[in-house]
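Contents: one structure, followed by commentary.
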Amino acid sequence: MMAKNLYPYTLQPVPFELSEAEQRSAQLIIWRRTNTISQKTWIILGIIVALAIVGLVFVKNYSTIIFWLMLVGVVLYLLIRRFGLEWYVKRKLGQELIEDIKGIKMGVQPQGLTMIQRMGAQEGRGMISWKDVTEWQDHPDFLFLTFKVKGQQGAHVLPKRMNSQNFSFDTIRKHLTETVGPAK
């Protein structure tokens, strides 16, 4: 049994590394989660299917071709939306140049997430305050944060493999829930 961490914040920043494959996987998972068909679209598709079925039942002979085309159109739309769009997004994500993220250390503090990056002889420090986070998503493999700092929007993928006594995801979730609200 693991000992409970008495101090839920980071005393020493932990290395933050994210491979190209992890970044691509996170982008695709986030896209899948946001690529949902709206209620308005489902209503329109339902109306089209209902009209097509009513037309097939009550109209006979050559006139039924339009109703069959309506049903085929709905099926094609759903197939393209589900499989075609995902294929296209995977292809576009594969064309983007993504480098591994290395050399950054992150920490969890009461006021937010701290980042430290060494650039030559200098050390750069940054802070994402909890109040700067605009939205967060909790996925099985990572946390995804969107934030706005000094007028610039940004996003971070925090892989859950970083979860340890030195980098507590429970503390991150607690602060995000208190400040931003529940995960989307």
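Here region 123-152 is the region considered, the condition is being in contact with a Ser or Thr (Cβ under 8 Å, 6 or more places away or on another chain) and not in a strand (DSSP E or B), and the residue that is farthest from GLY107 (Cα to Cα) is ASP141.
Would you please name the residue that is surrounded by the most Cβ atoms within 10 Å (Cβ to Cβ), looking only at residues in region 30-45 that are part of a helix (DSSP H, G or I) and under 15 Å from the mean Cα position of the chain (by Cα)? Walk me through how you get there before you give the answer.
Taking region 30-45 as the starting set, the residues that turn out to be part of a helix (DSSP H, G or I) are 30-34, 39-45.
Adding the requirement that they be under 15 Å from the mean Cα position of the chain (by Cα) leaves 30-34.
Numbers: ILE30: 17, TRP31: 15, ARG32: 11, ARG33: 12, THR34: 9.
The selected residue is ILE30.
PHE167 meets the conditions (1) within 15 Å of PRO13 (Cβ to Cβ); (2) not in a loop (DSSP other than H, G, I, E, B) in every case but one. The failed one is (2). Taking residues in region 127-147 that are within 15 Å of ARG32 (Cα to Cα), and partners anywhere that are assigned to a strand (DSSP E or B) and of a type in the set (S, T, N, Q), the pairs with Cβ atoms closer than 6 Å and at least 6 places apart or on different chains are PHE144/GLN137. Of all residues being within 19 Å of ARG33 (Cβ to Cβ) and surrounded by 11 or more Cβ atoms within 10 Å (Cβ to Cβ) in region 60-86, which is farthest from the chain's Cα centre (by Cα)? Just the residue, please. The qualifying residue farthest from the chain's Cα centre (by Cα) is LEU78.
Consider ILE29 carefully, then state whether it is touching a residue at least 40 places away in the same chain (Cβ under 8 Å) and closer than 30 Å to ALA121 by Cβ.
Numbers: touching a residue at least 40 places away in the same chain (Cβ under 8 Å): yes; closer than 30 Å to ALA121 by Cβ: no.
In short, no.
When GLY94 is tested against (1) of a type in the set (Gly, Ala, Ser); (2) over 20 Å from VAL14 (Cβ atoms); (3) touching a residue at least 12 places away in the same chain (Cβ under 8 Å); (4) surrounded by 11 or more Cβ atoms within 10 Å (Cβ to Cβ), just one condition goes unmet, and that condition is (4). Just one of the numbered conditions (1) more than 30 Å from GLY103 (Cβ to Cβ); (2) in a helix (DSSP H, G or I) is not true of GLN27; which one? The number of the failed condition is (1). Take ALA155 and decide whether it is modelled with pLDDT under 90, aliphatic (A, V, I, L, M), in contact with a strand residue (DSSP E or B) (Cβ under 9 Å, 6 or more places away or on another chain) and outside any strand (DSSP E or B). It is false that ALA155 is modelled with pLDDT under 90, aliphatic (A, V, I, L, M), in contact with a strand residue (DSSP E or B) (Cβ under 9 Å, 6 or more places away or on another chain) and outside any strand (DSSP E or B).
The values are calculated or read from the model by the stated rules, or taken from the named source; none is laboratory data. The structure presented is a predicted model; accordingly, all values stated were derived computationally and were not measured. So basically every Cβ, Gly included, is an ideal-geometry build from the backbone, and we count neighbours across all protein chains shown.
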